[in-house]
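Novice: Below you'll find the structure I mean.
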Amino acid sequence: MFATVLHGPGDVRYEQVAAPKILKPTDAIIKLSATCICGSDLWPYRGLQGMDGPMNMGHEYCGVVVEVGADVRSVKPGQFVVGSFCISDNTCPHCKHGFQSSCEQREFMSGAQASYARVPLADGTLVATPEMPSDDLIPSLLAVSDVLGTGWYAADAARVQPGSTVVVVGDGAVGLMGVLAAKQMGAARIIIMSRHKTRQDLALEYGATDIVSERAEAGVARIKDLTKRIGADAVLECVGTQESMTQALQVARPGSMIGYVGVPHGVTFDGQTLFFSQTGMMGGPAPVRRFMPHLLDLVLSRKINPGKVFDQQIPLADVAHGYKSMDERKAIKTLLLV
Ligand SMILES: [Zn+2]
């Protein structure tokens, strides 16, 4: 079969690889219905993350089970499934505590930008839908796998409550999903920092009430003005740079929480600044599996439409073009048709 392999910075290829096989009795093989490119795929694509060798790309997936190992009980061939980008057993103490992304048996999904993929720990990782979903729901179901689950976790970790004033730092796909999540959780005011018209429009559609296009200190000053100098009750940090993390800390009111889901690159903290900010921080890789049953319900009942975040849909064979579009910020998020 053909799959997506990153050979080095800027060098992503759609090339022949061996088809995945059941390696452990807890594995499942799925035929992808659709897959996509993640903002985090751009870190190695841009040469900002070390590589040990060619990387099999892709960790967001949904599709139909074609084969399961001897020990798999909860899913069977023919079922439509969605899984998290974090592989988890869903039975260990961390999983039971709701932190499946720190599972004792955690692996990170890879190789999903392909027609078939192997999913380890299928019982703990995959959730089947009650029936075969209609095609128009596929983008939204795919979004549950990572981008929606991660935006949701940012809002959950920031403890968004009904009536909260929320600031979302970052207008990438995860930030936009953070807006959707905050709205669902009842936030009264959702301020997103964004300088791009198409992203601003989608943020407004998902429930943002205010757009702040200024950056750095000017952006912080604008948010202080909008919140009567108080700051935000909850901050969603969805980028992972020093600038975005600093902004998040500066707009968070004392007693607030910052949910940070952008993988930090080159971020450092000053102990005294943190101490006197009196803010809490919770983040890391999203335990998407915790939220999946609820998010799948919301999608299948058409209460939310996270699939709109995919503003580019191209054939999987054109994956290299998709990476380029996202790298140049011409696309918010690229769906790959399998
Ligand atoms: Zn576990």
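Each reported figure results from applying straightforward, stated rules to the coordinates on display, with no laboratory input. In this text the structure is predicted, and so the values were computed from the model without any measurement. FYI the Cβ positions are ideal-geometry reconstructions off the backbone, even for glycines, and counts take in every protein chain you see.
Novice: Listed highest first by mean packing, meaning other Cβ atoms within 10 Å per residue, what order do 67-79, 105-117 come in? Present the calculation step by step, with values, prior to reporting the outcome.
Specialist: On the way: 67-79: 15.7, 105-117: 20.4.
Final packing ranking: 105-117, 67-79.
Novice: Specify the angular offset, from 0 to 90 degrees and rounded to the nearest 10, of the alpha carbon long axis of helix 197-206 from the longest principal axis of the alpha carbons in the chain.
Specialist: 90
Novice: Any chance you could check the Cα centroid distance between the range 124-197 and the range 48-93 for me, in angstrom?
Specialist: 21
Novice: Measuring from label point to label point, each 7 Å out along Cα→Cβ, what is the Met132 to Thr241 span in nm?
Specialist: That separation, rounded to one decimal, is 4.5 nm.
Novice: Calculate, axis by axis, the spread of Cα positions in the range 259-319 along the three principal axes, and write the results as whole Å, longest axis first.
Specialist: Principal axes ranked by extent give 48, 32, 18 Å for the Cα atoms.
Novice: Note down the Stokes-Einstein diffusion coefficient of the range 150-283 in µm²/s, whole number, using a Kirkwood radius over alpha carbon pairs, 20 °C, and 1.002 mPa s. Walk me through the numbers on the way to the answer.
Specialist: Details: Rh = 14.0 Å.
The calculation lands on 153 µm²/s.
Novice: Given a cut-off of under 8 Å on Cα pairs at least six residues apart, what relative contact order in percent is computed for the range 33-97?
Specialist: Working: 61 pairs, mean separation 17.9, N = 65.
So the answer I get is 28 percent.
Novice: Another one. Quick one: among Cys92, Cys62, Cys103, which has the greatest mean-square fluctuation in a GNM of the chain with alpha-carbon springs under 10 angstrom?
Specialist: Between Cys92, Cys62, Cys103, it is Cys92 that shows the largest mean-square fluctuation.
Novice: Where in the range 59-87 does the label zone of Leu300 land, with the point 7 angstrom along Cα→C-beta and an amide N cut-off under 12 Å?
Specialist: Under cut-off, by backbone N: 80-82.
Novice: Moving to a separate point now. Assuming a strict under-18 Å limit between Cα atoms, what lysine pair count do you get for the chain once near-sequence pairs (fewer than 8 apart, same chain) are dropped?
Specialist: For the chain, qualifying lysine pairs total 12.
Novice: Considering only Pro9, Ser102, Thr209, whose Cα is most displaced toward the positive end of the charge dipole of the chain, charges sitting on Cβ of Lys, Arg (+1) and Asp, Glu (-1)?
Specialist: Thr209
Novice: Placing unit charges on C-beta atoms (Lys and Arg positive, Asp and Glu negative, everything else neutral), compute the dipole magnitude of the range 1-119 about its Cα centre in debye, rounded to 20.
Specialist: Dipole of the range 1-119, to the nearest 20 debye: 240 debye.
Novice: What's log10 of I(q)/I(0) for the range 37-88 at q = 0.26 Å⁻¹, Debye sum over Cα points only, no solvent?
Specialist: The Debye formula, applied to the Cα set alone, gives -1.05.
Novice: Placing +1 on the Cβ of each Lys and Arg and -1 on the Cβ of each Asp and Glu in the chain, which of Ala117, Asn305, Gly47 has its Cα farthest towards the positive end of the resulting dipole?
Specialist: Asn305
Novice: Further, regarding this structure: Calculated from DSSP H runs of 4 or more alone, at -39500 (n - 2.57) each and per residue, what is the 222 nm mean residue ellipticity of the chain, nearest 500? Kindly include the intermediate steps, with their values, before the conclusion.
Specialist: Values: 12 runs with 102 residues, N = 338.
My calculation for the chain gives -8500 deg cm²/dmol from helical runs alone.
Novice: Would you mind listing how long the chain runs along its three principal axes, going by Cα atoms, in whole Å with the largest first?
Specialist: Extents along the principal axes, in whole Å: 59, 39, 38.
Novice: For the residues Ile304, Ile192, what sequence is obtained by ranking on other C-beta atoms within 10 Å, fewest first? Kindly include the intermediate steps, with their values, before the conclusion.
Specialist: Working: Ile304 21, Ile192 30.
Least crowded to most crowded, the residues run Ile304, Ile192.
Novice: Still on this model: Hey, got the dipole for the chain? About the Cα centre, +1 on K and R Cβ, -1 on D and E Cβ, debye to the nearest 20?
Specialist: On the way: 31 positive and 33 negative charges, 124 e Å.
Computed charge dipole of the chain: roughly 600 debye.
Novice: Moving to a separate point now. Projecting each Cα onto the charge dipole of the range 128-214 (Lys/Arg +1, Asp/Glu -1 at the beta carbon, about the Cα centre), which of Ala128, Pro162, Ile138 comes out farthest on the positive side?
Specialist: Pro162
Novice: Related question: Using the crude model of +1 on Lys and Arg Cβ and -1 on Asp and Glu Cβ, and no other charge, please compute the dipole size for the range 150-283 relative to its Cα centre, in debye to 20. The partial results should precede the final answer.
Specialist: Details: 12 positive and 12 negative charges, 53 e Å.
Here the size comes out at about 260 debye.
Novice: Relative to the longest principal axis of the C-alpha atoms of the chain, give the angle of the C-alpha long axis of helix 173-184, reported between 0 and 90° and rounded to the nearest 10°.
Specialist: So the helix axis and the longest Cα principal axis differ by about 70 degrees.
Novice: Given R₀ = 45 Å, FRET efficiency for Ala18-Lys228 by Cβ-Cβ distance, to 0.05? Could you put the intermediate results ahead of the total?
Specialist: On the way: r = 60 Å, r/R0 = 1.34.
It comes out at approximately 0.15.
Novice: Write down the Å³ per residue value for the convex hull defined by the alpha carbon atoms of the range 137-206.
Specialist: About 77 Å³ per residue, rounded to a whole number.
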